[in-house]
Amino acid sequence: MRSAKLLNAIRKLPCVRCGGLNAQAAHSNSSKHGKGRGIKADDKYTIPLCHTCHQWFDQYRGMRRIESKEWFLQMLKKTERMLKIDTNVSDIF
């Protein structure tokens, strides 16, 4: 699924790791979410991360891959809660 509305809504949220502004839409790095070589995961598996935290996440700094996947799922739930508070989620999908 690709959704410009969802990605725009995510970019308006603060970074889920540090709270910084100017978040980027960071896609899951997991193949179970549609990630492949040169293919981004489905947009519904996206969280807001600032540039620094996005690099930290994509480069697995300080976490092994399994820990990164678990952390991402926790942040995905947090993002979903933030979107429900910030906007009408049904308008995005």
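A compact table of results
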item: Count of the stretch 30-41 residues which are surrounded by 15 or more Cβ atoms within 10 Å (Cβ to Cβ) and out of contact with any Asp or Glu (no Cβ under 7 Å at 6 or more places or on another chain); result: 4
item: Filtered residues of the stretch 20-29 (kept if over 22 Å from R64 (Cα atoms) and either of a type in the set (G, A, S) or surrounded by 13 or more Cβ atoms within 10 Å (Cβ to Cβ) (or both)); result: G20, A23, Q24
item: The listed residue being farther than 16 Å from L7 by Cβ and either in contact with a Gly (Cβ under 6 Å, 6 or more places away or on another chain) or modelled with pLDDT under 85 (or both), out of I85, I92; result: I85
item: Unique match (being at pLDDT below 95 and not in a helix (DSSP H, G or I)) among R17, R61; result: R61
item: Residue satisfying all of: in the stretch 1-19; of a type in the set (G, A, S) and surrounded by 15 or more Cβ atoms within 10 Å (Cβ to Cβ); farthest from the chain's Cα centre (by Cα) among these; result: S3
item: Selected residue (only one of R2, R81 is of a type in the set (K, R) and not in a helix (DSSP H, G or I)); result: R2
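The values are calculated or read from the model by the stated rules, or taken from the named source; none is laboratory data. Please read all numbers here as calculations on a predicted model, not as lab measurements. Don't worry about glycine lacking a Cβ; one is built from the backbone with ideal geometry, like all the others, and counts go over all protein chains shown.
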